[in-house]
Amino acid sequence: MNDLKFDEATKALSGTTSRRQALKLMMTTSAGGVLALVGAGGAGAIAPGRCRKNGTTCRQNIECCSEYCDPATLQCACTPGAEICPSTGSCVPACTGTQVFNTQTCRCECPPGTTACGNTCCTSTQACTSGVCCQNPTTCADANDCCPGFFCTGFQKGGAGTCTPCLNRTCGSGVGCCDGFVCVKGLCVPQFTTA
C-alpha cells in the first residue's frame, strides 16, 4: 500500500463512518493486501515442485530444471561444458577424450574407424589396455617394447619381431608367454609365487 492510499484510509476511518462503510473499507484493504502478497512473486513466479526449462528467464539456479541459471543471460541453461539433448531438452555430461556427442542418441560415441577404450577412442593401429590407448611399435626386440597385453613374437637375436596379442595358448620354439605366465610342456600357465 502506498502513502497516498494509506492517508485516504486513515482519513476515512477517522471521520464518521457507518458500519457498512467501515466493513467495505476493511474488506477492500484486506483484498488489496492479499493481492499485493500474491503479486510479490511476480508473473514469473513458479509453482512449488516445478522448474523452468532451458531458455526461460530465471534469477536463481534452484528455479531451473538444469539447476543452472546463466548469470550472463539470466536464462536457464546447461552447466558450462554440458550438452543439451535435442529430443528431451535435458542436459547430459560433456564427452571426454576423443568421443563426440551424437545428437540423435544423446550419447558420447567414438567416431567411425575408431573403437571405444574407457572414455576415449583408439585408432585401428592402437591397442586398448586398461582403458588407455597404446601404440604398438612396427617391430619389437623384446616384450618390453610392446603394449601391456601383447608380447614380442617371431624375433631372432639381432632380428625384429612383431607385437602380438597375449592369448596364452601355446608356447615354445620362439613363442613366449605373457607376463605372469610360464611355459610348461608347450602351454602357458599362470605363474604361482610361493611366500
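Identification of strands (runs of 3 or more DSSP E) wholly contained in the stretch 90-163 with 1 or more residues that are more than 30 Å from residue 54 (Cα to Cα) yields 115-117, 120-122, 126-129, 132-135, 150-153. Checked across the stretch 68-77, the condition of being in a loop (DSSP other than H, G, I, E, B) and closer than 27 Å to residue 152 by Cβ holds for no residue. Taking the criterion of being modelled with pLDDT under 90 and surrounded by 16 or more Cβ atoms within 10 Å (Cβ to Cβ), the residues of the stretch 117-128 that qualify are 117, 120, 126, 127, 128.
The values are calculated or read from the model by the stated rules, or taken from the named source; none is laboratory data. For clarity, every value in this text was computed on a predicted model and none was experimentally measured. Ideal geometry is used to build each Cβ from the backbone, glycine not excepted, and the neighbour counts take in all protein chains shown.
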